[in-house]
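The structure under discussion appears below in the form of structure tokens.
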Amino acid sequence: MTLSEGVGEQDLYAIGQEIVSILGEDRDKRGRKIHTLPITEKRFVARIKNPRLLTDITKIIKIKPPTKRDTVFSLYQSYPRYVEYDGVWVWYDPKTHVDVWGPTSDTIRNADFSNRSGKVYTDDVETIEELCCGSGFLGKYAAIKCKNAKELHLVDIYKKAIQCAQDNMEDLEKQKDINVSYSICDARKMAGKKYNLINLNPPYILRQKTIEGSAFEGISLSCDIIENGRDFVTEGGKIVVTTSSISEDIVQDAMGNAKGLKSAEILGKAYQPLKVNPVLNNKDWVSYLLGEKRLERMKGYDYEYGHTITIWLLTYE
Ligand SMILES: C[S@@+](CC[C@H](N)C(=O)[O-])C[C@H]1O[C@@H](n2cnc3c(N)ncnc32)[C@H](O)[C@@H]1O
């Protein structure tokens, strides 16, 4: 399935084999049975207006008629999934990229607010790093948007995420003369090698006795990168980081302590559901977050909890 997110609307497509097995297009032009189609073939299925998540169940269940709704459900169960925004795409498949965190609404909003600001993907950016890269969407997006980009470095602590990012950079390297490299390690280890632009969509959900390294748990990584940002970016360099109201106060303290932070500007905010099942199904974790007054009941939308994400542009001396 391809999810193509525009500003305010999301188009869903069937691709390749899904056109045969879900949409029932199983005859070629001469009436012969076909079993599969290339992944480059796609058919529009549905448009969701103003989704708050890439998988916004409250909107999906309202799709009419029911056959179209069920088709969308089938597409969401089918992989590989391609996520495309503004002409840039990545794919992932849980069978190959086990437990890799694919792009979410946080990812797309990070790219969207950055692009619309006109301040992030500027002509002076030649070297780019995505820390905590997952599928690598933000690094790839930045590399395409910054017309003078020559170097892209992708970092994740999880080996399969780097495998996924590698799979997604193949076409980038064909379309642009760019040197792409990878590191599997704690992002903090990258201090010292400096880049013009760093993208960071990190874990941000606080937990008692945090064990770091997951896609969503803990806030100290974000704080460490922000506080020591001067060691990660070149003079005048930028870090674009996604934060959440769940831990915003802690991140802002880190900004206050950051050495050489010249400016901290908000590029955009979005109020959206918190939909991280392993957190919300864990009673101890939820009661900790509620006790700390870090989870708010979602108002006016059919999800239990909501939070506000903020996309920051940090510039260092
Ligand atoms: C919320 S996901 C974001 C993935 C990607 N940036 C995106 O926007 O789609 C966070 C990612 O951070 C990685 N991660 C967690 N702790 C890390 C650490 N200490 N160093 C490097 N990567 C880490 C996880 O493996 C995961 O891929």
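The values are calculated or read from the model by the stated rules, or taken from the named source; none is laboratory data. None of the values given here were measured: they were computed from a predicted structure. A quick note on method: Cβ atoms are made from the backbone with ideal geometry, for glycine too, and the neighbour counts reach across all protein chains shown. Areas reflect the complete protein model, heavy atoms only, side chains present, ligands, DNA and RNA absent. Shrake-Rupley method; radii C 1.70, N 1.55, O 1.52, S 1.80 Å.
Against the conditions (1) under 22 Å from Glu129 (Cα atoms); (2) within 11 Å of the ligand (Cβ to nearest atom), Met255 satisfies every one except (2).
Listed by position, the strands (runs of 3 or more DSSP E) contained in the range 123-193 that have at least 2 residues being within 11 Å of the ligand (Cβ to nearest atom), under 14 Å from the mean Cα position of the chain (by Cα) and without any contact (Cβ under 8 Å) to a residue 40 or more places away in the chain are 151-156. Among the residues of the range 84-116, those identified as hydroxyl-bearing (Ser, Thr, Tyr) and outside any helix (DSSP H, G or I) are Tyr85, Tyr92, Thr96, Thr104. Tallying residues that are out of contact with any Gly (no Cβ under 8 Å at 6 or more places or on another chain), open to solvent by 50 Å² or more (accessible area, probe 1.4 Å) and not in a helix (DSSP H, G or I) within the range 265-304 yields 10. Summed over the range 194-204, residues that are closer than 22 Å to Glu126 by Cα, near the ligand (Cβ under 9 Å from one of its atoms) and open to solvent by less than 20 Å² (accessible area, probe 1.4 Å) total 2.
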